[in-house]
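Each value in this text was obtained by applying a stated rule to the coordinates, not by laboratory testing. None of these values were measured; they are calculated from a predicted model. Cβ coordinates were reconstructed from backbone atoms using ideal geometry, including for glycine residues, and neighbour counts include every protein chain displayed.
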Amino acid sequence: MRRALLVIAALVALPVSASAFVRSRTNAGACLFWESRTIPWTMNERGLPGLGYERAHAAFARAFRTWEEVECSDISFVDRSPSSETRVGHGNGERGDNLMVFRMHDCRDAAPQDAPCRRTGGCANEYDCWEHGSSVIAVTTTTFFVQTGEIVDADIEMNAAWFDFTDVDGPPCGPGETTGCVLTDIENTATHEIGHLLGLDHSPDREATMFASAPQGDLSKRDLGEDDVEGLCFIYPTDGPTPRCTDVDMEQAGAGCACQGSAGVGDAALGFLALALFVRCRSGRPGGPSRG
Amino acid sequence: MRSLALVVALTGLLPTVAAGTTAERLSPAELATRSRAIVEGTVVSRQSQWAPDGKRIYTRVRIRVDAVWKGAPGEEVELVLPGGTVGELAQLVQGMPQFSEAERVLVFLEPTSAAAYRVVGLAQGKFRVVEVAGQEKLAVPDLQGLLLVDPESRAPVEPIFAGPLPLEKLRELVFAPESR
């Protein structure tokens, strides 16, 4: 058994490509993508109390613009703000609104103890509250067709119940500081979450906006890294089709959509096929020079 | 050959580079402290359905309790998790623990109501339990979709467990003196 664990440890320690965007995938193997290259979004009219609607909205607008200005992609966004909507998710037959909303209260405080949603789920929408725990900063909930991966709605909730968001430039706030310095930057967080909205998952590239980190005071994710641009332009190339991901073309095209296993719905059973691709995927990337 | 097969199977379950939700890292002792119940069990069923507002999908997971590490959860527990698949539509909230039917698990639980639980620390609070005849049980973490950060500095940190570990070792860590 010890030998087996050592082998596993060695596999885990394999070097990861320094630059390799990752696409979110469904359990059916499809990569998530938008069919339309023009994507609407809207912000809840409340914005962020304390900062004001206009400033919170402006920070999000800058974040959307950052992705929109990438020249090798024709993705664009339409701002339909403000919205009175506070509910995230997407019902069958609806048109996706792609809502940005700051949650001001934790559901443990906002929903009565005997509320049915505490057992069945749904308190976040019913009571306009944060239900993902005190340690989570922001969550993107993506609704998609499971067989094709086509996204029909993606909403971003920001945890203002537990985190203080700011929109200013400046140094990270020190202990007790709350003005003229950066706590949790809206634009920084939004730019990262919009990457998820577009179908990108976290990248192992530490220079990428889609690298999975958000240290307090961080502003670096306001700007895209080379890896983010490559990811966007691979999925939404100007005047070109969106490459579809299947387990077969994952091997042939590289790792743009590789190695993730499941995008989160359903079984964790990646099984032996996933393993067969494991080592190769870790060194592969679309158009890259080698795949191990 | 059996060892190789085990390695292959477990490696397929290892966390990969992908993640989508940022959360504070919790030690086994912290997981235990925040838990009302800790159980080893077997997933009996998993059912996803729309919330009454027709916009959100939630998945209810029923787990038969095989062994209790903490609390008095009864013979069966029910978890409610955001996300899931209903018909042709799926909803993804990354960082949530994933369950499959008949899967053996160790879960750290906090109540959302008198009759339902959620997993503490999102995917950090769930381990798959793997047992091979003649071998000790292993606890396999699955942190897919979850980035862990230091609670103080918010700097990203490595998971405490990068791969499988003996279940008994995990139990020792959970009930280490500092956890009480």
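Fewest Cβ neighbours within 10 Å first, please rank B:Trp50, A:Trp41 accordingly.
B:Trp50, A:Trp41
Using Cβ counts within 10 Å as a stand-in for footprinting exposure, how do A:His132, A:His57 rank, fewest first?
Placing the least packed residue first, the sequence is A:His57, A:His132.
Check the straight Cα-Cα distances from B:Lys70 and name the aspartates and glutamates below 20 Å, setting aside those fewer than 8 residues away within the same chain.
Within reach: B:Glu30, B:Glu40, B:Glu78, B:Glu110, B:Glu168, B:Glu172, B:Glu178.
Please give the FRET efficiency for B:Val44 paired with A:Arg206, using the beta carbon to beta carbon distance and R0 = 51 Å, rounded to the nearest 0.05.
0.75
Quick one: A:Met104, A:Met210, fewest Cβ neighbours within 10 Å first, how do they rank?
Least to most surrounded, the residues fall as A:Met104, A:Met210.
Lys/Arg Cβ at +1, Asp/Glu Cβ at -1, dipole of the stretch A:130-216 taken about the Cα centre: which of A:Gly195, A:Val152, A:Gly133 is farthest positive-ward?
Selected residue: A:Gly133.
Give me the inter-chain shielding for B:113-126: mean count of other chain Cβ atoms within 10 Å, whole number please.
3
What's the extension gain from B:Gln135 to B:Phe175 if we count 0.36 nm per residue and subtract their Cα-Cα distance?
Taking 0.36 nm per residue and subtracting the Cα distance, the gain is 12.1 nm.
Treating only the Cβ of Lys, Arg, Asp and Glu as charged (+1, +1, -1, -1), what charge dipole size does the stretch B:89-151 show about its Cα centre? Round to the nearest 20 debye.
Charge dipole of the stretch B:89-151: 80 debye, to the nearest 20.
Ignore the peptide's own chain and count Cβ atoms of other chains within 10 Å of each Cβ in B:82-89; give me the average, rounded.
Numbers: counts 9, 7, 4, 7, 2, 3, 6, 10.
Taking all residues of B:82-89 together, the mean is 6.
Starting from the Cα gyration tensor of the stretch A:33-241, take the square roots of the eigenvalues, sort them a ≥ b ≥ c, and report rounded, prolate or oblate (rounded when a/c is under 1.5, otherwise prolate if a/b is larger than b/c, else oblate). Intermediate values should be presented prior to the final figure.
Numbers: a/c = 1.75, a/b = 1.13, b/c = 1.55.
It is oblate, given that a/c is not under 1.5 and a/b is not larger than b/c.
Once you put a point 7 Å from the Cα of A:Glu226 and another 7 Å from the Cα of B:Asp53, both along the Cβ direction, what distance in nm separates them?
Going from the A:Glu226 label point to the B:Asp53 one covers 4.3 nm.
For the ranges A:180-191, A:196-207, B:79-90, what's the packing order if you count other beta-carbon atoms within 10 Å of each residue, average per peptide, and put the highest first?
Numbers: A:180-191: 22.0, A:196-207: 24.1, B:79-90: 20.3.
The peptides rank, most packed first, as A:196-207, A:180-191, B:79-90.
Highest mean first, what order results for B:65-73, A:24-32 on Cβ atoms within 10 Å?
Ranked from most to least packed, the peptides come out as A:24-32, B:65-73.
Magnitude of the Cβ-charge dipole of the stretch A:33-241, K/R +1 and D/E -1, about the Cα centre, nearest 20 debye?
620 debye
Using the Cα gyration tensor of the stretch A:85-192, with a ≥ b ≥ c the square roots of its eigenvalues, what is the shape: rounded (a/c below 1.5), prolate (a/b larger than b/c) or oblate (neither)? Walk me through the intermediate numbers first.
Details: a/c = 2.88, a/b = 1.40, b/c = 2.06.
Oblate, since a/c reaches 1.5 and b/c is not below a/b.
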